[in-house]
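Read the structure below first, then the notes.
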Amino acid sequence: MWVSSLGRSPPWKEPRLDADPQAQLRLLELQASDTAVDRLAARRRSLPEIDEIRNLTARLSALAADLVAAETEGRDLGRAQTKLEGEVDAVRSRAARDQSRLDSGAVGSARELENLQSEIGSLGRRQGDLEEQLLEIMENAETAQATVDRLRAEQAEAEAARTAAEQRRDAAFSAIDAESAQTTERRTALAAELPAELVALYEKIRKSSGGIGAAGLVRRRCEGCHLEVGGSELREIAALPLERVLRHEDCRRILVRTEDSGLPA
């Protein structure tokens, strides 16, 4: 059990824990290891490649949708072009037959000749209109194909960029995970060497205090919350046995005395 007259609760309601001063100092090493692991995890979550991959994936999704639309437009224009080409051929063939009949001299009456000439003229105008529409469709089809080619090129570029970003991300993951595993291994070994009750208290506080369960008292300041410890508290700390495990009154973290605590003589 342990007691800390620095806590908010009266001394008789505080649990008491004593631990070797060196064990308390090593608790700061444990905290440093945990902080390092937490920072590695945060670094892993915030790698710039993660956002880059997310943005490239969204870009590829948009490009895929645009490509489908462009390819659909190209197919529609292709079908329209084929249909118009068939109509032009049909009009041209009919005009050729009428012209052949006219040139043969087989038309007997003047009225029939007039009707035939009128039809040939009408077919010529119809052919001109159809060919004009066909030219416009061919130009639109060429534009649509150029759009498809551009989108495919952009898609290939984005896919290559995403692959490269994924490779960089995976390499960073591997390096971070290896460092984290080594740090965790050292941390586990260190924790096993410390008093179980001290580690248990540290873990409990750490979970409720933003990952910081123990902090050094350096130059009269708690390194956990960065608040200065008052003079009366410093005198109280100086009067306590070195084995006594302390809690900072403000942040409630374990407060470890160091060589540079700034305690009064």
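We did not get these values from a lab; they are worked out from the coordinates using the rules stated. Computed from a predicted structure; not experimentally measured. Here the Cβ is made from the backbone with ideal geometry for all residues, glycine too, and neighbour counts use every protein chain on show.
Which count do you get for residues in the range 219-237 that are touching a strand residue (DSSP E or B) at 6+ places or on another chain (Cβ under 7 Å) and surrounded by 16 or more Cβ atoms within 10 Å (Cβ to Cβ)?
7
State which residue is nearest to residue 160 (Cα to Cα) when the search covers only the range 36-88 and only residues that are of a type in the set (Lys, Arg) and without any contact (Cβ under 8 Å) to a residue 60 or more places away in the chain.
Initially, the range 36-88 is screened for residues of a type in the set (Lys, Arg), giving 39, 43-45, 54, 59, 75, 79, 83.
Restricting the remaining residues to those that are without any contact (Cβ under 8 Å) to a residue 60 or more places away in the chain gives 39, 45, 54, 75, 79, 83.
Values: 39: 30, 45: 23, 54: 14, 75: 28, 79: 34, 83: 40 Å.
So the residue we want is 54.
If only one of 106, 160 is loosely packed, with under 12 Cβ neighbours inside 10 Å and not in a helix (DSSP H, G or I), which one is it? If you could, list the steps in order and put the result at the bottom.
Numbers: 160 fails: not in a helix (DSSP H, G or I).
Result: 106 is the single residue among 106, 160 that is loosely packed, with under 12 Cβ neighbours inside 10 Å and not in a helix (DSSP H, G or I).
Yes/no matrix, rows are residues, columns are (1) of a type in the set (Gly, Ala, Ser); (2) farther than 25 Å from residue 195 by Cα; (3) assigned to a loop (DSSP other than H, G, I, E, B):
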position	(1), (2), (3)
226	no, yes, yes
233	no, yes, no
236	no, no, no
241	no, no, yes
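Within the range 200-218, count every residue that is surrounded by 19 or more Cβ atoms within 10 Å (Cβ to Cβ) and either over 36 Å from the mean Cα position of the chain (by Cα) or hydroxyl-bearing (Ser, Thr, Tyr) (or both).
Adding up the residues that qualify gives 4.
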